[in-house]
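Step one of this worksheet: look at the structure below.
The values are calculated or read from the model by the stated rules, or taken from the named source; none is laboratory data. It should be emphasised that the depicted structure is a prediction, and the values quoted were computed from it without experimental measurement. Note: ideal-geometry Cβ built from the backbone for every residue, glycine included; neighbour counts use all protein chains shown.
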Amino acid sequence: MERELKFLLEHAHAPALPSGYHVAEPQPTLHLLDEYLDYRGQILAAGWRLRRRRSDGEGLRYTLKSEQRGDPSSPLRERIEIERAPERDEQIPSEIVAALLAAGADTVHVLDRLQPYLTLRQERHPATLSTSEGDIALMSVDEVRATGSTVEGERRWTELEIEFFATVSAEARDRAAVELSAWLATQPGVTPGGESKVARAARLLSISI
C-alpha cells in the first residue's frame, strides 16, 4: 500500500517544516521518465494505471497503481501499488499480469497492444524525513513536465511528495500526516492537493482514454 502526502508548490524548493521534523542531507537528484500505458482504456476501466519507468542508475520497472478515489483536495492519499522489474523472459511482470486478470482485464488482447498515452519527465530532489522516533518518510520535490501522445504542448508543475515508509506504525504515520498537513497548508506557496500526477496531467492536457 502506498501512503503519501501531496502538495503543489509555487517554487522548486522544500518548504519549512514544523518543530520536531528533520530532513537529512539531500540525496542525488533523479531523472525519471514515466510512460503510462493502456489499450482503449481497458486497464483504467479495471481500476488501475500501468506505468513504465526508466530512471538514473536503475533498470526498467513497471508499476501498477489502483485508481485514486475520494476528495482530490485532501493531501493524504492511499493506493494499492505493485512495482516490479520484468524477468528476462517477461514482457510485463507476472504479478502485475495476475492483478490485472483478477480485476477482469482481457490481458490476452490488452498487453500485446499497450501504447503510451501520457509521458511524465521528472527531476526529483529526494531526502529522508525523520522525527525523534526515526525515519518516517521519503520527502521529494518533483519538477514535472507532462506530454500526451495525441495532443500538442506540454504542462509543467512542481509538487512536494511525502511518502511514508511501510515500516512506520499506523499511529505514527497518522499523527505525522495530521501535523504536516496542518503546518504545510499555512506555508507560502504551498497548496494541499492529493491529485495524482497522471490524473493532473490528463486533466491539464485534456486527455481521455
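Are there any pairs with C-beta distances below 7 angstrom linking a residue in region 168-193 that is farther than 18 Å from T128 by Cα to a residue that is among the acidic types (D, E) and exposed (fewer than 14 other Cβ atoms within 10 Å of the Cβ), with the two at least 6 apart or on different chains, and if so which?
Final answer for the pair search is G189/E10.
If the Cβ limit is 7 Å and pairs must be 6+ apart or interchain, which residue in region 125-154 that is surrounded by 18 or more Cβ atoms within 10 Å (Cβ to Cβ) pairs with which residue that is basic (K, R)?
S140/R124; D142/R124; V144/R156; V144/K197; A146/R155
Listed here are the residues, each with its yes/no results for (1) more than 22 Å from D56 (Cα to Cα); (2) not acidic (D, E).
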residue	(1), (2)
T131	yes, yes
I136	yes, yes
V141	no, yes
T147	no, yes
E154	yes, no
E171	yes, no
D174	yes, no
A185	yes, yes
V198	no, yes
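So, in region 168-208, how many residues would count as being within 21 Å of E154 (Cβ to Cβ) and in a helix (DSSP H, G or I)?
Residues flagged as within 21 Å of E154 (Cβ to Cβ) and in a helix (DSSP H, G or I) within region 168-208 amount to 8.
State which residue is modelled with the lowest pLDDT when the search covers only region 32-52 and only residues that are surrounded by fewer than 18 Cβ atoms within 10 Å (Cβ to Cβ) and within 24 Å of F164 (Cβ to Cβ).
That would be G47.
Show the residue pairs that are 6+ apart or on different chains and have beta-carbon atoms under 9 Å apart, the first residue being within region 61-77 and charged (D, E, K, R) and outside any strand (DSSP E or B), the second being crowded, with 16+ Cβ neighbours inside 10 Å and at pLDDT below 80.
Close Cβ pairs (under 9 Å, with a partner that is crowded, with 16+ Cβ neighbours inside 10 Å and at pLDDT below 80) amount to D71/G194.
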